[in-house]
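The values are calculated or read from the model by the stated rules, or taken from the named source; none is laboratory data. These numbers come from a predicted model, not from an experiment. When we count neighbours, we look across all protein chains shown, and the Cβ atoms used for this are built from the backbone with ideal geometry, even at glycine. Ligands, DNA and RNA are excluded from the accessible area calculation, which covers all protein heavy atoms including side chains. Shrake-Rupley method; radii C 1.70, N 1.55, O 1.52, S 1.80 Å.
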Amino acid sequence: MAATAVTAVLAGSLGLSPFGHEIATVMAAAFCLAVVGMIDDLRPIAVTTRLALQLAIVAVLVAALPAEIRIVQAIPLGLERALLILGLLWFINLVNFMDGLDWMTVAEMLPLSASLAGFAFFGAAPPVVLPIALALAGALLGFAPFNRPVARLFLGDVGSLPIGLMIGWCLIELAAQQHVAAALLLPLYYLADATITLFRRMARGERFWDAHRSHFYQRATDNGFGVGQVVAEVFLLNLYLAGLAVASIVIGSIAVNAIGLVLGAIGVMVVLVRFSKPRAG
């Protein structure tokens, strides 16, 4: 968090990236979310209170988005903003849910943040994305040796929640440039694993907000996969998804976007199925 904030300020002061109210707002929201996470790490907060605080922070951030940030023009602005609030709230929490294995967040968020920084550098995403995405990628690289299996340090809510918020905001900015397919492809594994697991637990009548080991990556470790193999497969899958996202942006046709989403879904499905079955041999 500190590295991201300092980098954003330095980039703005050196004229390398704009530093205005938009970056200031997202960093303030991220720090507020980190405080909520820190309190919850030290003394657990009731689920309803925690969600209410997260909802308030996300609502303020989305309300502060410039009016020209539109993803689907056919939807009324108020409805689109409401959907963005719900989507970002879910994304923040799924990043937290998926942070249950050493190096998992690094394997997922490093390719995402690096890709977003590259898109911003080459003009596919707004310039405001560059300092946050690039600094976050660097911070994750710095964190990786300490989170290497067997980990000495963990993100906790104080780390995972603001990471989810900053990456989610960057994805919204990317989607607003009419690169919706790329914005969906980059986090597709996390979206699929967390969402499918949520619905499966709800269908079984479980208290889905309680701690569990039902995610596909967690089941993989129970099925004979080593931690290193799980995170390596997730990392390689994310490089594959990033490549599809690049193709969707460079070519920019509806057909390529559709093909990219189908190929991305197939890649994610293959990994999920592998994780859900005992390891061969």
Filter the stretch 42-54 down to the residues that are exposed (fewer than 14 other Cβ atoms within 10 Å of the Cβ) and part of a helix (DSSP H, G or I) and list them by number.
L42, V47, T48, T49, A52
Subset tally (residues that are open to solvent by 60 Å² or more (accessible area, probe 1.4 Å) and in contact with a helix residue (DSSP H, G or I) (Cβ under 8 Å, 6 or more places away or on another chain)) for the stretch 234-260
4
Close pairs (7 angstrom Cβ cut-off, 6 or more residues apart or separate chains): within 15 Å of F275 (Cβ to Cβ) in the stretch 186-197, open to solvent by 10 Å² or more (accessible area, probe 1.4 Å) and outside any helix (DSSP H, G or I) anywhere
T197/S214
Given the options L101, L141, L134, L153, name the one that is part of a loop (DSSP other than H, G, I, E, B), open to solvent by 40 Å² or more (accessible area, probe 1.4 Å) and among the hydrophobic types (A, V, I, L, M, F, W, C).
L153
Residues that are in contact with a helix residue (DSSP H, G or I) (Cβ under 6 Å, 6 or more places away or on another chain), open to solvent by 40 Å² or more (accessible area, probe 1.4 Å), assigned to a helix (DSSP H, G or I) and in contact (Cβ under 8 Å) with a residue 60 or more places away in the chain: does the stretch 164-182 have at least one?
no
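For the stretch 69-80, which positions are under 25 Å from L33 (Cβ atoms), over 23 Å from the mean Cα position of the chain (by Cα) and surrounded by fewer than 11 Cβ atoms within 10 Å (Cβ to Cβ)? Quick ask: steps written out before the conclusion?
First pass over the stretch 69-80, keeping only residues under 25 Å from L33 (Cβ atoms): 69-71, 77-80.
Among the residues that remain, those that are also over 23 Å from the mean Cα position of the chain (by Cα) are: 77-78.
Hit for the stretch 69-80 is G78, nothing else.
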Hey, any hits in the stretch 222-232 for a residue that's open to solvent by less than 40 Å² (accessible area, probe 1.4 Å), among the aliphatic types (A, V, I, L, M), under 22 Å from F91 (Cβ atoms) and touching a His at 6+ places or on another chain (Cβ under 7 Å)?
no
Working only within the stretch 13-41, note down all residues that are aliphatic (A, V, I, L, M), in a helix (DSSP H, G or I) and at pLDDT below 90.
I23, A24
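Rundown of residues vs (1) part of a helix (DSSP H, G or I); (2) of a type in the set (A, V, I, L, M), yes/no style:
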{"site": "L244", "(1), (2)": "yes, yes"}
{"site": "S248", "(1), (2)": "yes, no"}
{"site": "I266", "(1), (2)": "yes, yes"}
{"site": "R279", "(1), (2)": "no, no"}
